[in-house]
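What follows is a single structure, written as structure tokens, with notes after it.
The values are calculated or read from the model by the stated rules, or taken from the named source; none is laboratory data. Treat the numbers as computed from the prediction; the structure is a model and nothing was measured. So basically every Cβ, Gly included, is an ideal-geometry build from the backbone, and we count neighbours across all protein chains shown. When the accessible area is computed, the model is the full protein with side chains, heavy atoms only, and any ligands, DNA or RNA have been set aside. Shrake-Rupley method; radii C 1.70, N 1.55, O 1.52, S 1.80 Å.
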Amino acid sequence: MRKIRVMHVLCMNSYSGAENVVITLINSLKKRVDSVYVSPDGSIREIVESYGIRHYAIEKVSVTNIRKAIKDIKPDIIQAHDFTAGIICAVAANGIPVINHLHNNSPWIKRYSVKSFLYALTCFRFKKILTVSDSVMDEFVFGKWFVKKTTVIGNPIDLSAILNKAESSEKCDESDIILLGRLVAQKNPLLFIDIVAEIVKNNPEIRIAIVGDGDLRKDVQDKIMEYGISQNVKLYGFQANPYGLLSKSKVMCMPSAWEGFGLAAVEALALGKPVVASTVGGLKNIVNNECGKLCKRKEEYVRELEELLSDETYYRKKTCAAKKRAYEYDNILNYSEKIEKIYASVANNRIVE
């Protein structure tokens with residue numbers, strides 16, 4: 001029996017959390033599934049191809065471009081990642097089964113609106129909906145309609161790969177607090193600057209690393225200048241391998257406005273870094289008082305971060321707990337097996353001898 005051919009569709013042309021997940025998933029199934037990564041052309045192409053994965057470039061994710069990709073690739077399954085790709089692929093599919101894989105729980109899913117209603121209508125066309133945490137469908141205003149076709153799949157996490165990447169990273173500058181993620185509203189980088197600016201008042205020598213890029217980069221830079229903390233904060237921009245910087249930091253701060261899963265939190269825990277995070281999405285399930293702290297207000301972040309950086313005994317205790325917590329999420333083999341079974345059930349008679 002030939003391999004199932006899966007066409008993964010993503011709207012972004014750069015590398016971030018969802019892209020990391022898809023690449024990890026494709027690699028874990030490489031021997032058994034024929035996968036093609038479809039996205040707008042950009043920096044993501046080089047990263048995808050560096051893993052030996054076929055990249056099919058399009059100008060943008062549109063019905064016309066997806067139909068052309070379908071004609072060229074001839075997939076058995078379309079795996080559309082996140083909401084917009086899901087809606088477009090459902091329209092363009094022409095009878096090919098579509099799996100909608102949701103990596104986050106955007107704020108608009110909580111409200112009755114044209115967009116949430118349109119997505120709900122589209123859900124009837126999906127063969128399967130995969131989510132990274134219970135919070136995605138729990139927060140979706142129409143989520144109860146689609147419980148039977150939804151599977152909470154989490155994220156593929158390979159702790160050994162994370163550790164290997166940290167060891168092989170060329171950039172390993174030390175820092176006290178790190179923010180790792182795109183500089184977009186979801187990750188709340190402006191709140192992060194507010195938090196560290198308060199900490200600098202009592203600790204003028206503190207070192208802050210911001211790893212990632214995005215449309216809020218200038219706002220972040222402006223706020224750093226406004227607070228006069230440019231000597232404390234270093235912006236590294238996008239890093240293909242950020243794990244060296246993460247391994248040389250002391251604490252990760254994740255003040256996200258929303259999250260689907262919170263993969264960066266698990267990656268930090270794997271490297272023994274306590275995580276101080278917001279109480280949103282999957283972070284509520286990952287972070288606890290043993291390995292970090294969940295916070296709602298700026299003052300809570302400041303208090304916890306200052307204690308972690310000033311009390312060595314307190315810090316070491318949470319570092320040990322962080323590593324133990326991360327190993328609870330080491331699931332790459334089970335994850336790939338679950339996905340493969342989902343592919344088989346969705347493809348049905350599309351696979352021939």
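Helix 312-327 against the longest principal axis of the chain: what's the angle in degrees, Cα atoms only, rounded to the nearest 10? So the inclination is approximately 10 degrees. Averaged over its residues, segment 106-153 has an accessible area of 56 Å² per residue, based on protein heavy atoms and a 1.4 Å probe.
Relative to the longest principal axis of the Cα atoms of the chain, the long axis of helix 332-347 makes an angle of roughly 30 degrees. Gain on full extension, evaluated as 0.36 nm per residue between CYS320 and VAL152 minus their Cα-Cα distance, stands at 57.6 nm. Annotation: amide H of SER278 within the under-5 Å range of MET254, SER256, CYS295, sequence separation 5 or more or interchain, hydrogens built in the peptide plane.
If you sort CYS172, CYS295 by accessible surface, 1.4 Å probe, largest first, the order is CYS172, CYS295. Taken about its Cα centre, segment 199-353 carries a charge dipole of roughly 260 debye when the Cβ of each Lys and Arg holds +1 and the Cβ of each Asp and Glu holds -1.
For the chain, the share of accessible area belonging to carbon and sulfur comes to 49 percent (1.4 Å probe, ligands and nucleic acids excluded). Roughly how far apart, in whole Å, are the Cα centres of segment 119-180 and segment 80-115? When both Cα centres are located, 15 Å separates them.
Any chance you could check the Cα centroid distance between segment 4-30 and segment 248-283 for me, in angstrom? Between the Cα centre of segment 4-30 and that of segment 248-283, the gap is 21 Å.
For segment 1-91, GluC sites (Glu not before Pro) meeting the loop criterion (DSSP other than H, G, I, E, B) and having at most 15 other Cβ atoms within 10 Å: GLU59.
Loop-only GluC sites (Glu not before Pro) in segment 255-338, please: DSSP not H, G, I, E or B, and at most 12 other Cβ atoms within 10 Å. When the GluC sites (Glu not before Pro) of segment 255-338 are filtered for loop state and at most 12 Cβ neighbours within 10 Å, GLU328 remain.
For segment 1-136, the Cβ-based charge dipole about the Cα centre amounts to some 500 debye (Lys, Arg positive; Asp, Glu negative; other atoms uncharged).
Give the Debye-formula value of log10 I(q)/I(0) at each listed q (0.12, 0.14 Å⁻¹), with one equal scatterer per alpha carbon of the chain, two decimals each. These q points yield log10 I(q)/I(0) values of -0.88, -1.16. In plain terms, the C-alpha convex hull of segment 32-173 casts an average shadow of 10.7 nm² when viewed from every direction. Counted over the chain, the DSSP beta bridges are approximately 0% antiparallel.
Say the dipole of segment 20-60 comes from +1 at the beta carbon of Lys and Arg and -1 at that of Asp and Glu; which of ILE58, LEU29, SER43 then lies farthest toward its positive end? Farthest towards the positive pole: LEU29.
Taking chymotrypsin sites (Phe, Trp or Tyr not before Pro) that fall in a DSSP loop and have at most 13 other Cβ atoms within 10 Å as cut points, what is the longest piece of the chain between them? Looking at the chain, 125-353 is the longest stretch - no exposed chymotrypsin sites (Phe, Trp or Tyr not before Pro) with at most 13 other Cβ atoms within 10 Å. Spin-label model, SER43 to ASP311: label points 7 Å out along the Cα-to-beta-carbon direction sit 3.9 nm apart. Per residue of the chain, the DSSP helices (runs of n ≥ 4 H) give a summed -39500 (n - 2.57) that works out to -13000 deg cm²/dmol at 222 nm. Each of ALA197, MET252, PRO156 was scored by the projection of its Cα onto the charge dipole of the chain, and the greatest displacement toward the positive side belongs to PRO156; charges sit on the C-beta of Lys, Arg, Asp and Glu. Considering only LEU305, LEU130, LEU235, the Gaussian network model of the chain with Cα springs below 10 Å gives its largest mean-square fluctuation to LEU235. Summed over the residues of segment 176-308 and divided among them, the accessible surface reaches 38 Å² per residue at a probe radius of 1.4 Å.
Longer than 20 Å from Cα to Cα, which of LYS171/LYS293; LYS171/LYS273; LYS201/LYS234; LYS248/LYS273; LYS127/LYS148 are they? Say none if no pair is. From the list (LYS171/LYS293; LYS171/LYS273; LYS201/LYS234; LYS248/LYS273; LYS127/LYS148), the Cα-Cα distance tops 20 Å for LYS171/LYS293.
Under a model in which nothing but the beta-carbon of Lys, Arg (+1) and Asp, Glu (-1) is charged, the chain shows a dipole of about 1420 debye around its Cα centre.
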